[in-house]
Amino acid sequence: MTIEAARSPHPIYFAGAFATGGLLTFMVHLNGELARYGNPLFSSWSAHGTGIIAAVILLLLVHRRRRPKTEKGLHAPLWAYFGGISGAATVMLTSTAVNSPLGLSGTLALGLAGQVVFSVAADSWGLFGLPMRRPDRRDIAALGLVVAGAALIILFGRGAA
């Protein structure tokens, strides 16, 4: 990707990211309901079991249409396969937090703040093969605003005690 393309992304990327946020909210709510009637482990197993079934169906549909071109020597790094562990932990932790006094909005606000903090750290340290990128003033300002917004939602939102 060129620098110009990164500075002016297509509007479809913004729409996709916004839609993903809505789907994430829906997913956390549904996982929380499963945890409330069962437990966080049941919620995680249900979510990932459903995801496996959906992925297999999608792969079967795509596989029939076209054959993927495989190139020898292209292998994902070993750490990339541990995404499922973090996904399972995320489902269990959010399923527990959403059923706490934090509620759905507090859980998602803190989750977003954690994502931004970790992504700025990953950029600055060059984790996971990312190019090292020092955070600038805009990154720090955005980070502060996200954390402040999460604090406002939790401390002064409708669910505040």
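The values are calculated or read from the model by the stated rules, or taken from the named source; none is laboratory data. From a predicted model like this one, the values you see are computed outputs, not experimental measurements. Glycine gets a Cβ as well: all are built from the backbone with ideal geometry, and neighbour counts include every protein chain shown. Ligands, DNA and RNA are stripped out before the accessible areas are found, and what is left, the full protein with its side chains, is counted by its heavy atoms. Shrake-Rupley method; radii C 1.70, N 1.55, O 1.52, S 1.80 Å.
Looking across segment 133-156 at every residue that is in contact with a helix residue (DSSP H, G or I) (Cβ under 7 Å, 6 or more places away or on another chain) and part of a loop (DSSP other than H, G, I, E, B), the one that is most open to solvent (accessible area, probe 1.4 Å) is identified as Arg134. Considering (1) assigned to a helix (DSSP H, G or I); (2) open to solvent by less than 70 Å² (accessible area, probe 1.4 Å), the lone condition that Thr90 does not fulfil carries the number (2). Among the residues of segment 102-118, is there at least one that is in contact with a helix residue (DSSP H, G or I) (Cβ under 9 Å, 6 or more places away or on another chain), surrounded by 15 or more Cβ atoms within 10 Å (Cβ to Cβ), touching a residue at least 60 places away in the same chain (Cβ under 8 Å) and among the hydroxyl-bearing types (Ser, Thr, Tyr)? Yes, there is a match, as at least one residue in segment 102-118 is in contact with a helix residue (DSSP H, G or I) (Cβ under 9 Å, 6 or more places away or on another chain), surrounded by 15 or more Cβ atoms within 10 Å (Cβ to Cβ), touching a residue at least 60 places away in the same chain (Cβ under 8 Å) and among the hydroxyl-bearing types (Ser, Thr, Tyr). Considering segment 119-132, and only residues there that are among the aliphatic types (A, V, I, L, M) and open to solvent by 50 Å² or more (accessible area, probe 1.4 Å), the residue that is nearest to Gly157 (Cα to Cα) turns out to be Leu127. For Thr96, the criteria (1) over 13 Å from the mean Cα position of the chain (by Cα); (2) hydroxyl-bearing (Ser, Thr, Tyr); (3) over 30 Å from Gly38 (Cα atoms) hold in every case but one, which is (3). Listed by first and then second residue, the pairs linking a residue in segment 68-87 that is within 23 Å of Gly111 (Cβ to Cβ) to a residue that is at pLDDT 70 or above and open to solvent by 100 Å² or more (accessible area, probe 1.4 Å), with Cβ atoms under 8 Å apart and 6 or more places separating them unless they lie on different chains, are Trp79/Phe128.
For segment 8-62: of the residues being touching a residue at least 24 places away in the same chain (Cβ under 8 Å) and of a type in the set (A, V, I, L, M, F, W, C), which is most open to solvent (accessible area, probe 1.4 Å)? The extreme case among them is Leu41.
Selection over segment 98-129 of residues that are in a helix (DSSP H, G or I), more than 14 Å from Gly21 (Cα to Cα) and of a type outside the set (A, V, I, L, M, F, W, C) gives a count of 7.
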